[in-house]
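Structure record follows, encoded as C-alpha coordinates.
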Amino acid sequence: MNDDIPTYSERAARVDDHPELVSFAGGQEGRVDGRLLTMPNPEVLSKSIRATAQVFEDPKSKALLARIQLVAPSEANVLIIGDTGTGKELIARHVHALSTRRNGPFVAVNCGAFSESLVESELFGHEKGAFTGAFSSKAGWFEAANEGTLFLDEIGDLPLNIQVKLLRVLQEREVVRLGARKPVPINVRLIAATNVRLEEAVKAGHFREDLFYRLRVVHLELHPLRERPGDILPLTRHFVNQYRRRLGYGEVTIRPDTEQKLCQHDWPGNIRELENVIHHGLLIAKNAVLRPEDLYLSTLKLDRSAAPTPDVVADQAVDQLEKALLALFEECHEDLFDKIEEVVMRAAYQYCHCNQVQAARLLGVSRNVIRARLIKIGAISALK
(Lines give C-alpha, C1' and ligand atoms only; values in the text may rest on other atoms or scores of the structure.)
Protein backbone atom coordinates (compact mmCIF):
# COMPACT_ATOMS: atom_id res chain seq x y z
CA MET A 1 0.00 0.00 0.00
CA ASN A 2 1.35 3.40 -0.98
CA ASP A 3 0.38 5.96 1.66
CA ASP A 4 3.04 8.51 0.79
CA ILE A 5 2.06 12.11 1.45
CA PRO A 6 2.38 14.20 -1.75
CA THR A 7 5.64 16.08 -2.12
CA TYR A 8 5.87 19.86 -2.39
CA SER A 9 6.21 19.58 -6.14
CA GLU A 10 2.74 18.04 -5.98
CA ARG A 11 1.64 21.10 -3.95
CA ALA A 12 2.19 20.11 -0.33
CA ALA A 13 4.46 22.78 1.13
CA ARG A 14 7.37 22.12 3.43
CA VAL A 15 7.42 23.52 6.96
CA ASP A 16 9.39 26.64 5.96
CA ASP A 17 7.45 27.37 2.77
CA HIS A 18 5.57 30.40 4.02
CA PRO A 19 6.33 34.10 3.60
CA GLU A 20 7.80 36.25 6.33
CA LEU A 21 6.56 39.79 6.95
CA VAL A 22 9.56 42.08 6.65
CA SER A 23 10.18 45.80 6.30
CA PHE A 24 11.77 46.86 3.03
CA ALA A 25 13.43 50.04 1.80
CA GLY A 26 12.06 51.89 -1.19
CA GLY A 27 13.30 54.40 -3.71
CA GLN A 28 14.83 56.86 -1.24
CA GLU A 29 17.76 55.73 0.84
CA GLY A 30 16.73 54.91 4.39
CA ARG A 31 13.03 55.24 3.64
CA VAL A 32 10.82 52.32 4.64
CA ASP A 33 7.90 52.03 2.22
CA GLY A 34 6.01 49.24 3.87
CA ARG A 35 5.98 45.68 5.15
CA LEU A 36 6.37 43.00 2.55
CA LEU A 37 5.14 39.45 2.02
CA THR A 38 6.61 37.42 -0.82
CA MET A 39 5.75 34.00 -2.20
CA PRO A 40 8.32 31.21 -1.75
CA ASN A 41 10.27 30.72 -4.99
CA PRO A 42 8.60 33.57 -6.93
CA GLU A 43 10.73 32.75 -10.00
CA VAL A 44 8.83 29.48 -10.34
CA LEU A 45 5.55 31.42 -10.43
CA SER A 46 6.61 33.86 -13.16
CA LYS A 47 3.88 32.55 -15.49
CA SER A 48 1.26 32.12 -12.79
CA ILE A 49 -1.77 34.37 -12.31
CA ARG A 50 -1.05 34.47 -8.58
CA ALA A 51 0.37 37.54 -6.88
CA THR A 52 3.93 36.94 -5.66
CA ALA A 53 4.17 39.93 -3.31
CA GLN A 54 1.96 41.83 -0.92
CA VAL A 55 2.56 45.07 1.00
CA PHE A 56 0.69 46.77 3.81
CA GLU A 57 1.25 50.48 3.27
CA ASP A 58 -2.20 51.72 2.25
CA PRO A 59 -4.59 52.35 5.19
CA LYS A 60 -6.92 49.58 3.97
CA SER A 61 -4.00 47.14 3.85
CA LYS A 62 -2.82 48.16 7.30
CA ALA A 63 -6.31 47.51 8.67
CA LEU A 64 -6.28 44.08 7.01
CA LEU A 65 -2.89 43.28 8.53
CA ALA A 66 -4.11 44.25 11.99
CA ARG A 67 -7.12 41.95 11.57
CA ILE A 68 -4.91 39.09 10.41
CA GLN A 69 -2.70 39.46 13.47
CA LEU A 70 -5.76 39.22 15.70
CA VAL A 71 -7.35 36.13 14.16
CA ALA A 72 -4.35 34.12 12.94
CA PRO A 73 -3.40 32.54 16.32
CA SER A 74 -6.87 30.99 16.64
CA GLU A 75 -7.97 27.68 15.15
CA ALA A 76 -10.95 29.25 13.38
CA ASN A 77 -11.63 28.56 9.72
CA VAL A 78 -10.97 31.57 7.48
CA LEU A 79 -12.71 32.74 4.29
CA ILE A 80 -10.71 35.14 2.11
CA ILE A 81 -12.57 37.21 -0.50
CA GLY A 82 -10.67 39.00 -3.25
CA ASP A 83 -10.28 39.48 -6.98
CA THR A 84 -7.84 37.37 -8.98
CA GLY A 85 -4.29 38.62 -8.49
CA THR A 86 -4.87 40.41 -5.17
CA GLY A 87 -2.70 37.99 -3.16
CA LYS A 88 -5.18 35.67 -1.45
CA GLU A 89 -2.68 32.83 -1.14
CA LEU A 90 -0.07 35.18 0.36
CA ILE A 91 -2.59 36.22 3.00
CA ALA A 92 -3.43 32.57 3.70
CA ARG A 93 0.27 31.75 4.08
CA HIS A 94 0.71 34.65 6.49
CA VAL A 95 -2.24 33.49 8.60
CA HIS A 96 -0.53 30.09 8.75
CA ALA A 97 2.83 31.66 9.62
CA LEU A 98 1.29 33.53 12.57
CA SER A 99 -0.62 30.51 13.88
CA THR A 100 0.37 27.74 16.25
CA ARG A 101 0.53 25.48 13.18
CA ARG A 102 3.45 27.38 11.66
CA ASN A 103 5.73 24.35 12.02
CA GLY A 104 3.23 22.13 10.20
CA PRO A 105 2.64 21.92 6.45
CA PHE A 106 0.88 24.54 4.39
CA VAL A 107 -0.91 22.91 1.45
CA ALA A 108 -2.41 25.08 -1.31
CA VAL A 109 -5.01 23.55 -3.64
CA ASN A 110 -6.93 25.24 -6.46
CA CYS A 111 -10.41 23.70 -6.47
CA GLY A 112 -10.99 24.79 -10.05
CA ALA A 113 -7.96 22.88 -11.32
CA PHE A 114 -9.55 19.44 -11.07
CA SER A 115 -12.37 17.85 -13.01
CA GLU A 116 -15.51 16.94 -11.08
CA SER A 117 -14.59 13.24 -11.35
CA LEU A 118 -11.15 13.77 -9.77
CA VAL A 119 -11.77 16.40 -7.10
CA GLU A 120 -13.03 13.92 -4.49
CA SER A 121 -9.96 11.71 -4.90
CA GLU A 122 -7.63 14.72 -4.77
CA LEU A 123 -9.15 16.14 -1.60
CA PHE A 124 -9.90 12.99 0.37
CA GLY A 125 -7.60 10.37 -1.19
CA HIS A 126 -8.40 6.95 -2.61
CA GLU A 127 -7.65 3.27 -2.11
CA LYS A 128 -6.16 0.93 -4.66
CA GLY A 129 -8.80 -0.13 -7.18
CA ALA A 130 -11.28 2.56 -6.14
CA PHE A 131 -11.65 3.56 -9.79
CA THR A 132 -10.08 2.84 -13.15
CA GLY A 133 -6.44 3.90 -13.00
CA ALA A 134 -6.16 3.75 -9.19
CA PHE A 135 -3.21 1.36 -9.20
CA SER A 136 -2.18 2.25 -5.63
CA SER A 137 -3.55 3.95 -2.55
CA LYS A 138 -2.95 7.67 -2.23
CA ALA A 139 -3.48 10.19 0.55
CA GLY A 140 -5.51 13.28 -0.32
CA TRP A 141 -4.75 16.90 0.42
CA PHE A 142 -6.47 16.80 3.81
CA GLU A 143 -4.10 14.10 4.98
CA ALA A 144 -1.17 15.95 3.41
CA ALA A 145 -2.04 19.02 5.50
CA ASN A 146 -2.45 17.11 8.78
CA GLU A 147 -1.24 19.16 11.78
CA GLY A 148 -1.04 22.17 9.46
CA THR A 149 -3.18 24.36 7.20
CA LEU A 150 -5.09 23.48 4.03
CA PHE A 151 -5.75 26.38 1.68
CA LEU A 152 -8.61 25.77 -0.78
CA ASP A 153 -8.56 28.46 -3.45
CA GLU A 154 -11.64 29.09 -5.59
CA ILE A 155 -13.82 27.19 -3.12
CA GLY A 156 -16.92 28.30 -5.04
CA ASP A 157 -15.95 25.95 -7.90
CA LEU A 158 -16.57 22.82 -5.81
CA PRO A 159 -19.52 20.72 -7.03
CA LEU A 160 -22.47 20.50 -4.63
CA ASN A 161 -21.92 16.81 -3.90
CA ILE A 162 -18.31 17.51 -2.87
CA GLN A 163 -19.52 20.42 -0.73
CA VAL A 164 -21.62 17.94 1.26
CA LYS A 165 -18.58 15.71 1.87
CA LEU A 166 -16.38 18.68 2.74
CA LEU A 167 -18.92 19.81 5.34
CA ARG A 168 -18.88 16.34 6.89
CA VAL A 169 -15.07 16.35 7.02
CA LEU A 170 -15.10 19.69 8.83
CA GLN A 171 -17.72 18.49 11.30
CA GLU A 172 -16.29 15.03 12.01
CA ARG A 173 -12.60 15.98 11.59
CA GLU A 174 -11.95 12.79 9.65
CA VAL A 175 -11.81 11.76 6.00
CA VAL A 176 -12.86 8.58 4.27
CA ARG A 177 -10.80 7.80 1.20
CA LEU A 178 -12.60 6.93 -1.99
CA GLY A 179 -13.12 3.17 -1.97
CA ALA A 180 -12.47 2.84 1.78
CA ARG A 181 -14.73 2.36 4.79
CA LYS A 182 -12.41 3.21 7.64
CA PRO A 183 -12.16 6.95 8.41
CA VAL A 184 -8.79 8.65 8.87
CA PRO A 185 -8.64 11.24 11.70
CA ILE A 186 -7.24 14.63 10.66
CA ASN A 187 -6.19 17.79 12.45
CA VAL A 188 -6.33 20.54 9.84
CA ARG A 189 -7.13 24.23 9.84
CA LEU A 190 -9.00 25.22 6.70
CA ILE A 191 -8.53 28.52 4.89
CA ALA A 192 -10.76 28.99 1.84
CA ALA A 193 -10.68 31.72 -0.79
CA THR A 194 -12.89 32.86 -3.63
CA ASN A 195 -13.15 35.72 -6.10
CA VAL A 196 -16.97 35.58 -6.08
CA ARG A 197 -19.51 36.56 -3.44
CA LEU A 198 -20.51 33.26 -1.89
CA GLU A 199 -23.64 34.88 -0.45
CA GLU A 200 -24.92 35.27 -4.00
CA ALA A 201 -23.96 31.69 -4.82
CA VAL A 202 -25.90 30.51 -1.76
CA LYS A 203 -28.99 32.46 -2.84
CA ALA A 204 -28.69 30.98 -6.32
CA GLY A 205 -28.44 27.45 -4.93
CA HIS A 206 -24.88 26.91 -6.18
CA PHE A 207 -23.25 26.81 -2.74
CA ARG A 208 -24.49 25.20 0.45
CA GLU A 209 -25.56 27.63 3.13
CA ASP A 210 -24.41 25.38 5.99
CA LEU A 211 -20.94 25.05 4.45
CA PHE A 212 -20.77 28.81 3.90
CA TYR A 213 -21.29 29.50 7.59
CA ARG A 214 -18.87 26.73 8.55
CA LEU A 215 -16.16 28.35 6.41
CA ARG A 216 -16.94 31.96 7.27
CA VAL A 217 -15.96 31.93 10.93
CA VAL A 218 -13.36 34.59 10.11
CA HIS A 219 -13.83 36.79 7.05
CA LEU A 220 -10.91 38.61 5.39
CA GLU A 221 -11.54 40.85 2.39
CA LEU A 222 -8.74 41.89 0.04
CA HIS A 223 -9.50 45.11 -1.77
CA PRO A 224 -8.46 45.35 -5.44
CA LEU A 225 -5.28 47.30 -6.09
CA ARG A 226 -7.20 50.29 -7.50
CA GLU A 227 -8.85 50.73 -4.08
CA ARG A 228 -5.57 50.75 -2.15
CA PRO A 229 -3.39 53.18 -4.13
CA GLY A 230 -0.94 53.51 -1.26
CA ASP A 231 0.37 50.03 -2.10
CA ILE A 232 1.09 50.69 -5.78
CA LEU A 233 4.45 52.46 -5.54
CA PRO A 234 5.88 50.24 -2.76
CA LEU A 235 4.99 47.20 -4.87
CA THR A 236 6.48 48.90 -7.93
CA ARG A 237 9.80 49.45 -6.17
CA HIS A 238 9.82 45.87 -4.95
CA PHE A 239 9.26 44.45 -8.43
CA VAL A 240 11.80 46.83 -9.96
CA ASN A 241 14.44 45.64 -7.49
CA GLN A 242 13.46 42.02 -7.95
CA TYR A 243 13.60 42.02 -11.74
CA ARG A 244 16.65 44.26 -12.13
CA ARG A 245 18.62 41.78 -10.02
CA ARG A 246 17.21 38.88 -11.99
CA LEU A 247 18.15 40.62 -15.25
CA GLY A 248 21.59 41.61 -13.98
CA TYR A 249 20.89 45.35 -14.08
CA GLY A 250 22.27 48.05 -11.80
CA GLU A 251 20.16 50.66 -10.06
CA VAL A 252 17.02 51.71 -11.97
CA THR A 253 15.40 55.14 -11.74
CA ILE A 254 11.63 55.50 -11.86
CA ARG A 255 10.63 58.89 -13.23
CA PRO A 256 7.92 60.87 -11.38
CA ASP A 257 5.64 60.89 -14.45
CA THR A 258 6.04 57.10 -14.58
CA GLU A 259 4.90 56.84 -10.97
CA GLN A 260 1.94 59.09 -11.79
CA LYS A 261 0.92 56.86 -14.69
CA LEU A 262 1.15 53.77 -12.49
CA CYS A 263 -1.05 55.33 -9.83
CA GLN A 264 -3.68 56.43 -12.34
CA HIS A 265 -4.10 53.00 -13.94
CA ASP A 266 -7.18 50.92 -13.02
CA TRP A 267 -5.24 47.62 -12.57
CA PRO A 268 -7.94 45.10 -13.52
CA GLY A 269 -5.31 42.35 -13.07
CA ASN A 270 -4.24 43.71 -9.67
CA ILE A 271 -0.78 42.86 -8.26
CA ARG A 272 -0.08 40.21 -10.87
CA GLU A 273 -0.68 42.74 -13.65
CA LEU A 274 1.59 45.29 -11.95
CA GLU A 275 4.40 42.74 -11.73
CA ASN A 276 4.09 41.88 -15.42
CA VAL A 277 4.07 45.57 -16.39
CA ILE A 278 7.27 46.23 -14.43
CA HIS A 279 8.98 43.13 -15.84
CA HIS A 280 8.16 44.17 -19.42
CA GLY A 281 9.09 47.79 -18.72
CA LEU A 282 12.57 46.86 -17.50
CA LEU A 283 13.14 44.72 -20.58
CA ILE A 284 12.69 47.70 -22.91
CA ALA A 285 13.85 50.55 -20.65
CA LYS A 286 16.86 52.57 -21.82
CA ASN A 287 19.72 53.92 -19.71
CA ALA A 288 18.33 52.34 -16.53
CA VAL A 289 15.40 54.78 -16.45
CA LEU A 290 11.79 53.58 -16.36
CA ARG A 291 9.72 56.00 -18.44
CA PRO A 292 5.94 56.22 -18.99
CA GLU A 293 6.31 54.92 -22.54
CA ASP A 294 7.96 51.77 -21.14
CA LEU A 295 4.73 50.79 -19.38
CA TYR A 296 2.56 48.46 -21.43
CA LEU A 297 -0.72 48.93 -19.56
CA SER A 298 -3.81 46.84 -20.16
CA THR A 299 -6.52 48.37 -22.30
CA LEU A 300 -9.06 46.21 -20.49
CA LYS A 301 -10.70 49.17 -18.80
CA LEU A 302 -13.53 47.94 -16.64
CA ASP A 303 -16.26 50.57 -16.89
CA ARG A 304 -17.54 49.94 -13.40
CA SER A 305 -19.46 53.21 -13.22
CA ALA A 306 -21.53 52.20 -16.25
CA ALA A 307 -22.03 48.60 -15.18
CA PRO A 308 -25.59 47.91 -14.05
CA THR A 309 -26.09 47.29 -10.35
CA PRO A 310 -27.76 44.06 -9.15
CA ASP A 311 -30.95 46.04 -8.48
CA VAL A 312 -30.99 47.39 -12.04
CA VAL A 313 -30.40 43.91 -13.47
CA ALA A 314 -33.27 42.55 -11.34
CA ASP A 315 -35.59 45.35 -12.52
CA GLN A 316 -34.71 44.60 -16.15
CA ALA A 317 -35.46 40.90 -15.63
CA VAL A 318 -38.84 41.74 -14.07
CA ASP A 319 -39.66 43.97 -17.05
CA GLN A 320 -38.83 41.13 -19.45
CA LEU A 321 -40.99 38.75 -17.43
CA GLU A 322 -43.90 41.17 -17.50
CA LYS A 323 -43.64 41.48 -21.30
CA ALA A 324 -43.61 37.68 -21.63
CA LEU A 325 -46.72 37.41 -19.43
CA LEU A 326 -48.54 40.05 -21.47
CA ALA A 327 -47.76 38.06 -24.60
CA LEU A 328 -49.27 34.96 -22.97
CA PHE A 329 -52.36 36.89 -21.88
CA GLU A 330 -52.90 38.01 -25.47
CA GLU A 331 -53.06 34.37 -26.59
CA CYS A 332 -55.68 33.53 -23.91
CA HIS A 333 -54.43 30.07 -22.97
CA GLU A 334 -56.61 27.81 -20.82
CA ASP A 335 -55.26 27.00 -17.35
CA LEU A 336 -52.79 29.84 -17.79
CA PHE A 337 -51.92 30.10 -14.10
CA ASP A 338 -51.07 26.41 -13.91
CA LYS A 339 -48.85 26.69 -16.99
CA ILE A 340 -46.97 29.67 -15.54
CA GLU A 341 -46.59 27.94 -12.19
CA GLU A 342 -45.21 24.84 -13.93
CA VAL A 343 -42.59 26.91 -15.77
CA VAL A 344 -41.53 28.69 -12.57
CA MET A 345 -41.29 25.50 -10.51
CA ARG A 346 -39.44 23.56 -13.18
CA ALA A 347 -37.00 26.41 -13.90
CA ALA A 348 -36.21 26.91 -10.19
CA TYR A 349 -35.71 23.17 -9.69
CA GLN A 350 -33.30 22.90 -12.61
CA TYR A 351 -31.48 26.13 -11.64
CA CYS A 352 -30.79 24.64 -8.19
CA HIS A 353 -29.38 21.44 -9.71
CA CYS A 354 -32.50 19.44 -8.79
CA ASN A 355 -32.20 20.29 -5.10
CA GLN A 356 -35.72 20.68 -3.68
CA VAL A 357 -34.62 22.47 -0.50
CA GLN A 358 -32.58 25.06 -2.38
CA ALA A 359 -35.35 25.55 -4.97
CA ALA A 360 -37.91 26.07 -2.21
CA ARG A 361 -35.66 28.61 -0.50
CA LEU A 362 -35.10 30.39 -3.82
CA LEU A 363 -38.86 30.78 -4.38
CA GLY A 364 -39.70 31.49 -0.76
CA VAL A 365 -41.99 28.49 -0.30
CA SER A 366 -41.78 25.33 1.79
CA ARG A 367 -40.17 22.15 0.49
CA ASN A 368 -43.53 20.39 0.75
CA VAL A 369 -45.13 22.93 -1.56
CA ILE A 370 -42.48 22.66 -4.26
CA ARG A 371 -42.36 18.86 -3.94
CA ALA A 372 -46.10 18.60 -4.47
CA ARG A 373 -45.94 20.87 -7.54
CA LEU A 374 -42.99 18.95 -9.01
CA ILE A 375 -44.86 15.66 -8.58
CA LYS A 376 -47.97 17.19 -10.18
CA ILE A 377 -46.07 18.32 -13.28
CA GLY A 378 -44.16 15.03 -13.50
CA ALA A 379 -40.72 16.54 -12.80
CA ILE A 380 -40.08 14.01 -10.01
CA SER A 381 -41.55 10.73 -8.89
CA ALA A 382 -43.85 10.60 -5.88
CA LEU A 383 -41.39 8.13 -4.35
CA LYS A 384 -38.44 10.50 -4.58
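Looking only at the stretch 267-283, which residues are free of Cβ contacts under 8 Å to residues at least 60 places away in the same chain and either open to solvent by less than 10 Å² (accessible area, probe 1.4 Å) or assigned to a loop (DSSP other than H, G, I, E, B) (or both)?
W267, P268, L274, V277, I278, G281, L282
Evaluate the following for P234: is it surrounded by fewer than 20 Cβ atoms within 10 Å (Cβ to Cβ), touching a strand residue (DSSP E or B) at 6+ places or on another chain (Cβ under 8 Å) and of a type outside the set (F, W, Y)? Break it down into steps so the answer makes sense when it comes.
Working: surrounded by fewer than 20 Cβ atoms within 10 Å (Cβ to Cβ): no; touching a strand residue (DSSP E or B) at 6+ places or on another chain (Cβ under 8 Å): yes; of a type outside the set (F, W, Y): yes.
It is false that P234 is surrounded by fewer than 20 Cβ atoms within 10 Å (Cβ to Cβ), touching a strand residue (DSSP E or B) at 6+ places or on another chain (Cβ under 8 Å) and of a type outside the set (F, W, Y).
Name the helices (runs of 4 or more DSSP H) wholly inside the stretch 112-197 in which the number of residues that are of a type in the set (V, I, T) is 2 or more.
Values: elements: 116-124, 141-144, 160-172.
Answer list for the stretch 112-197: 160-172.
Cβ contacts < 8 Å: first residue closer than 14 Å to V240 by Cβ and part of a strand (DSSP E or B), restricted to the stretch 284-295; second residue hydroxyl-bearing (S, T, Y) and open to solvent by 20 Å² or more (accessible area, probe 1.4 Å), any location; separation 6+ or different chain. Result?
V289/T253; L290/T253
Quick one: in the stretch 21-40, which of the residues that are under 21 Å from the mean Cα position of the chain (by Cα) and open to solvent by 20 Å² or more (accessible area, probe 1.4 Å) is modelled with the highest pLDDT?
Across the stretch 21-40, the extreme among qualifying residues is T38.
Filter the stretch 94-116 down to residues that are open to solvent by less than 10 Å² (accessible area, probe 1.4 Å) and under 14 Å from the mean Cα position of the chain (by Cα) and give me whichever is nearest to T194 (Cα to Cα).
Among them, the one singled out is C111.
Which residue pairs have Cβ atoms closer than 6 Å, lie 6 or more positions apart in sequence or on different chains, and pair a first residue in the stretch 189-218 that is under 29 Å from T100 (Cβ atoms) with a second residue that is among the aromatic types (F, W, Y)?
Listed by first residue and then by second, the contacts come to I191/F151; L198/F207; L198/F212.
Among the helices (runs of 4 or more DSSP H) confined wholly to the stretch 308-384, which include 1 or more residues that are open to solvent by less than 60 Å² (accessible area, probe 1.4 Å) and modelled with pLDDT of 80 or more?
Details: elements: 310-331, 336-351, 356-363, 367-376.
In the stretch 308-384, 336-351, 356-363, 367-376 are the helices (runs of 4 or more DSSP H) which contain 1 or more residues that are open to solvent by less than 60 Å² (accessible area, probe 1.4 Å) and modelled with pLDDT of 80 or more.
Residue check: is H219 under 20 Å from H94 (Cβ atoms), open to solvent by 30 Å² or more (accessible area, probe 1.4 Å) and modelled with pLDDT under 95?
Working: under 20 Å from H94 (Cβ atoms): yes; open to solvent by 30 Å² or more (accessible area, probe 1.4 Å): yes; modelled with pLDDT under 95: yes.
Yes: the conditions hold for H219.
If we scan the stretch 250-266, do we find a residue that is part of a loop (DSSP other than H, G, I, E, B), loosely packed, with under 15 Cβ neighbours inside 10 Å, at pLDDT below 95 and not acidic (D, E)?
yes
Quick check, is V78 within 18 Å of the chain's Cα centre (by Cα) and crowded, with 19+ Cβ neighbours inside 10 Å?
For V78, the condition - within 18 Å of the chain's Cα centre (by Cα) and crowded, with 19+ Cβ neighbours inside 10 Å - is met.
Would you check if I162 is closer than 28 Å to R50 by Cα and buried (at least 20 other Cβ atoms within 10 Å of the Cβ)? Walk me through it before giving the result.
Values: closer than 28 Å to R50 by Cα: yes; buried (at least 20 other Cβ atoms within 10 Å of the Cβ): no.
Considered against the rule, which asks whether it is closer than 28 Å to R50 by Cα and buried (at least 20 other Cβ atoms within 10 Å of the Cβ), I162 comes out as no.
The values are calculated or read from the model by the stated rules, or taken from the named source; none is laboratory data. All figures in this text were calculated on a predicted structure; none of them were measured in a lab. Because the Cβ atoms are built from the backbone with ideal geometry, glycine has one as well, and the counts that use them run over all protein chains shown. Protein only, heavy atoms only, side chains kept; ligands, DNA and RNA dropped before computing areas. Shrake-Rupley method; radii C 1.70, N 1.55, O 1.52, S 1.80 Å.
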